[in-house]
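Engineer: Dropping the structure in here first, questions after.
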Amino acid sequence: MANISFSNSVEYGSVHTDCMKEYEDKDSLNVFHEGMTTAVRNEGIVNMAAPQLDVEVVDTAGNQYGFHL
């Protein structure tokens, strides 16, 4: 990862670009990488609440990935 940024979620389906916190240092990125690569997907029907945060991950090749939390 090259950086990871967080913003308040505005709507489901798109990542809000008004960043409130961004991490670029190696130690922080390692913590996020560890959490994302060891997460386990739970199967079944999900009763989801509206997301509170949007997360944008940019890898070292410049690819962008968005997630809702």
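Engineer: Would you mind checking the tilt of helix 26-38 against the longest principal axis of the Cα atoms of the chain, expressed as 0 to 90 degrees and rounded to 10?
Structural biologist: Computed tilt is about 40 degrees.
Engineer: Suppose only helical runs count, i.e. DSSP H with n ≥ 4. What mean residue ellipticity at 222 nm does that imply for the chain under -39500 (n - 2.57) per run, divided by all residues and rounded to the nearest 500 deg cm²/dmol?
Structural biologist: For the chain, the value works out to -6000 deg cm²/dmol.
Engineer: Here's another thing I want to ask about it. Starting with the highest mean, order 27-33, 39-45, 1-7 by the number of other Cβ atoms within 10 Å, averaged over the residues of each peptide.
Structural biologist: Sorting 27-33, 39-45, 1-7 by mean packing, highest first, produces 1-7, 27-33, 39-45.
Engineer: If you don't mind, there's one more thing I want to ask. At a 1.4 Å probe, what is the % contribution of carbon and sulfur to the accessible area of the chain?
Structural biologist: Taking all protein chains in place, the chain shows 49 percent carbon and sulfur surface.
Engineer: Residues with amide H under 5 Å of ASN3's amide H, sequence separation 5 or more or different chain, H placed in the peptide plane at 1.01 Å from N; which?
Structural biologist: Long-range HN contacts for ASN3: VAL58.
Engineer: Next up: Determine the relative contact order of segment 26-69: mean sequence separation of Cα pairs under 8 Å and six or more apart, normalised by residue count, in whole percent.
Structural biologist: The normalised contact order for segment 26-69 reaches 27 percent.
Engineer: How large is the accessible surface per residue of the chain, computed with a 1.4 Å probe and reported in Å² as a whole number?
Structural biologist: 79
Engineer: Here is a follow-up. With labels modelled as points extended 7 Å from the Cα through the Cβ direction, what inter-label distance (nm, one decimal) is found for HIS33 paired with VAL46?
Structural biologist: Here the modelled spin labels are 2.5 nm apart.
Engineer: Could you size up the charge dipole of the chain around its Cα centre, putting +1 on the beta carbon of Lys and Arg and -1 on that of Asp and Glu, and report it in debye to the nearest 20?
Structural biologist: 180
Engineer: Mind checking the log10 I(q)/I(0) for the chain at q = 0.14, 0.25 Å⁻¹? Debye, one equal scatterer per Cα, no solvent, two decimals.
Structural biologist: -0.47, -1.19
Engineer: Under a 1.4 angstrom probe, counting protein chains only, how are THR60, THR37 ranked by accessible area, largest first?
Structural biologist: Ranked from most to least accessible, the order is THR60, THR37.
Engineer: Okay, next question. Summing +1 for each Lys or Arg and -1 for each Asp or Glu, what net charge is found among the other residues whose Cβ lies under 13 Å from the Cβ of VAL58?
Structural biologist: Once positives and negatives cancel, what remains is -4.
Engineer: So, one more: With θ taken as phi - 60° and the coefficients 6.51, -1.76 and 1.60, list the Karplus ³J(HN,Hα) couplings across segment 47-52 in order, rounded to whole Hz; mark glycine and proline as x.
Structural biologist: 9, 8, 8, 4, x, 9
The values are calculated or read from the model by the stated rules, or taken from the named source; none is laboratory data. Given the structure is predicted, the values throughout are model-derived calculations rather than measurements. Quick reminder, even Gly has a Cβ in these numbers, built from the backbone with ideal geometry, and neighbours come from all protein chains shown. SASA here: full protein model, heavy atoms, side chains in, ligands and nucleic acids out. Shrake-Rupley method; radii C 1.70, N 1.55, O 1.52, S 1.80 Å.
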